[in-house]
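The values are calculated or read from the model by the stated rules, or taken from the named source; none is laboratory data. Just so you know, these numbers come straight off a predicted model, no measurement behind them. Virtual Cβ from ideal backbone geometry, glycine too; neighbours counted across all protein chains shown. These accessible areas exclude ligands, DNA and RNA; they are computed on the full protein's heavy atoms, side chains included. Shrake-Rupley method; radii C 1.70, N 1.55, O 1.52, S 1.80 Å.
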Amino acid sequence: MTSLHNRHIKPLIFANLTGDNWGLQDYVKRGGYESLKRILSEGMTPDQVIAEVKASTLRGRGGAGFPSGLKWSFMPKNYEGQKYLVCNSDEGEPGTFKDRDILRYNPHSVIEGMTIAAYAMGVTVGYNYIRGEIFGEYQRFEEALEQARAAGFLGDNILGSSHSFQLHAFHGYGAYICGEETALLESIEGKKGQPRFKPPFPASYGLFGKPTTINNTETFAAVPFIFQVGAEAYAGLGKPNNGGTKIFSVSGDVTNPGNYEIPLGTPFATLLELAGGVRDGKKLKAVIPGGSSVPVVRGDVMMATDMDYDSVAKAGSMLGSGAVIVMDETRCMVKSLLRLSYFYFEESCGQCTPCREGTGWLYRMVQRIENGQGRAEDLDMLNSIADNIQGRTICALGDAAAMPVRAMIQQFREEFVYHIEHKHCLVPAYV
Ligand SMILES: Cc1cc2nc3c(=O)[nH]c(=O)nc-3n(C[C@H](O)[C@H](O)[C@H](O)COP(=O)(O)O)c2cc1C
Ligand code: SF4
């Protein structure tokens, strides 16, 4: 079982999980489905549910950190036709491995969260799009759905109320781009997983052209806890505008890689300590704080930064999906950037020219520097290519490819210059 550490804090989604208590009976023993029961039996209106989620200051855990209650309020209220709710369990961002653990160890929290969300937005049909490579989690989610249906927590007239919600698991197709919300919708529709132009946004033109709300797995999993502890208490767990707990997938050069659920706003230094510190007593060099798409931050800056959306933005990066990639003093930044650039080059869906061509240019130029054939003008050229990609594409994969390049060169320029001038690495381990 991946480590679900809770030495310093009390987690919510990962509280009291042993690895085999994922089923319905154990979830109910932990207070599961109480929030749904209360909402339906106490006659809370959909508007009141959305107001609570707004008050909790929950922000989307999939990457952009968009306020969830606000997103829910965009769903048209009086639309007469079919509306859809979609959970994004594609989890393709390099470094992120939290959603699969939620599906594996606490699938009912996602089902309950989605059922509450469906009630709040007047939706009767939902899908959970689960990454193609994680078949065991898909099967477990299917099993959890069966349990919830049999117990009356899903299906027609849930718990005797007028709320009906049919929720299905959808096995994804294993492409990173299918995690982008509109590519995901295309994929569910049986088409090639390529992002759509926005606007129109999914709230007006989503799945099968109908109003649709999409949230990340962790976002839905957090919802029952907002109603268990109360919106104010949930918000109070974090910092203003950054409410609740967040699961960080810590990987790289740490002693104990794993998932750590901590209140937003916890200092990075505490998270690093929870993960056992930098492996083998080495020095911290750099951190990618939110998955491979976000700018790298120098280690000393990260040590003075809190892990919440606003603080990480102030440090020049993004909290993203919460994948914290720790790099020690032996890591070569040119080699790291080469790995990242190759990923985006491979995963570009090819629809827009700046991304399709630009990601290839970025990759080949970084490869040239790594191979000792770099030229003095290459760094400016790399920045110029990144400038020509960022903000000029249909979806944010273009930005995700460009941002790491600019940040790596800005933060560790001396290493790139050394590679170009000496035709080998500055970092002793790689010379
Ligand atoms: C290339 C790309 C890949 C993405 N992959 C994921 C993903 O695997 N999981 C996810 O939840 N969001 C992913 N997103 C973000 C989604 O488009 C969307 O913003 C998110 O699912 C909304 O959920 P939230 O508001 O709960 O964060 C990706 C975005 C892009 C541009
Ligand atoms: S930015 Fe890249 S991945 Fe996104 S639509 Fe354009 S080509 Fe496809």
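For this structure, a couple of remarks:
- Nearest 10 degrees, 0 to 90: helix 217-229 Cα axis against the chain principal axis: 50
- Of the residues PRO202, PRO354, SER161, the one whose Cα sits farthest towards the positive end of the charge dipole of the chain is PRO354 (charges of +1 on Lys and Arg Cβ, -1 on Asp and Glu Cβ, taken about the Cα centre).
- With a Förster radius of 35 Å applied to the beta-carbon distance between GLU329 and THR18, the computed FRET efficiency rounds to 0.40.
- Taken over the alpha carbons of the range 218-284 as equal point scatterers, the Debye sum produces base-10 log I(q)/I(0) values at 0.21 Å⁻¹ of -0.84.
- Calculated from the alpha-carbon coordinates, the chain shows an Rg and a Dmax of 21.9, 73 Å respectively.
- Size-normalised alpha-carbon gyration radius of the range 309-431, reference 2.2 N^0.38 Å: 1.05
- Amide hydrogen neighbours beyond the local backbone of GLU261, cut-off 5 Å, H modeled: HIS5, PHE248
- Cα-based helix-to-principal-axis angle, 135-150 vs the chain, degrees rounded to 10: 20
- Computed log₁₀ I(q)/I(0) - Debye formula, equal Cα scatterers, no solvent, the range 68-180, q 0.17, 0.18 Å⁻¹: -0.84, -0.93
- Sum of -39500 (n - 2.57) over DSSP H runs of 4+, divided by residues of the chain (222 nm, nearest 500): -12500 deg cm²/dmol
- Per-residue Karplus couplings for the range 315-322, computed as 6.51 cos²θ - 1.76 cosθ + 1.60 with θ equal to phi - 60°, are listed in order as 7, x, 9, 9, 6, x, 8, x Hz, Gly and Pro entered as x.
- Compactness of the range 8-157, expressed as Rg and Dmax over alpha-carbon positions, Å: 15.5, 49
- Set LYS314/LYS423; LYS29/LYS191; LYS83/LYS192 screened for pairs whose C-alpha atoms are more than 31 Å apart: LYS314/LYS423; LYS29/LYS191
- Globularity ratio of the range 239-354, using Cα Rg and 2.2 N^0.38 Å: 1.09
- Computed from backbone phi with θ = phi - 60° and the Karplus coefficients 6.51, -1.76 and 1.60, the 3J(HN,Hα) list for the range 177-182 is 5, 5, x, 5, 4, 7 Hz; x is used for glycine and proline.
- Based on alpha carbons, the Rg and Dmax found for the range 163-251 are 16.2, 43 Å.
- Take the Cα of ARG356, go 7 Å toward its beta carbon, and none of the backbone nitrogen atoms of the range 170-208 fall under 12 Å from that spot.
- Dipole moment magnitude, nearest 20 debye, the chain about Cα centre, only Lys, Arg, Asp, Glu C-beta charged: 260
- Summing Cβ point charges (Lys, Arg +1; Asp, Glu -1) relative to the Cα centre of the range 96-229 gives a dipole of roughly 300 debye.
- Binned Cα-Cα distances of the range 302-348, short to long, each 10 Å bin given as a whole percent: 21, 39, 37, 2
- Whole-percent carbon and sulfur share, accessible surface of the chain, 1.4 Å: 51
- Extension gain, VAL301 back to LYS283 (0.36 nm per residue minus Cα-Cα distance, nm): 5.1 nm
- Mean separation of Cα contacts under 8 Å (6+ apart) over length of the chain, as relative contact order %: 16
- Rounded to 10°, Cα long-axis angle of helix 413-422 versus longest principal axis of the chain: 40
- Computed over the range 236-296: relative contact order in percent, which uses C-alpha pairs under 8 Å that are six or more apart: 26
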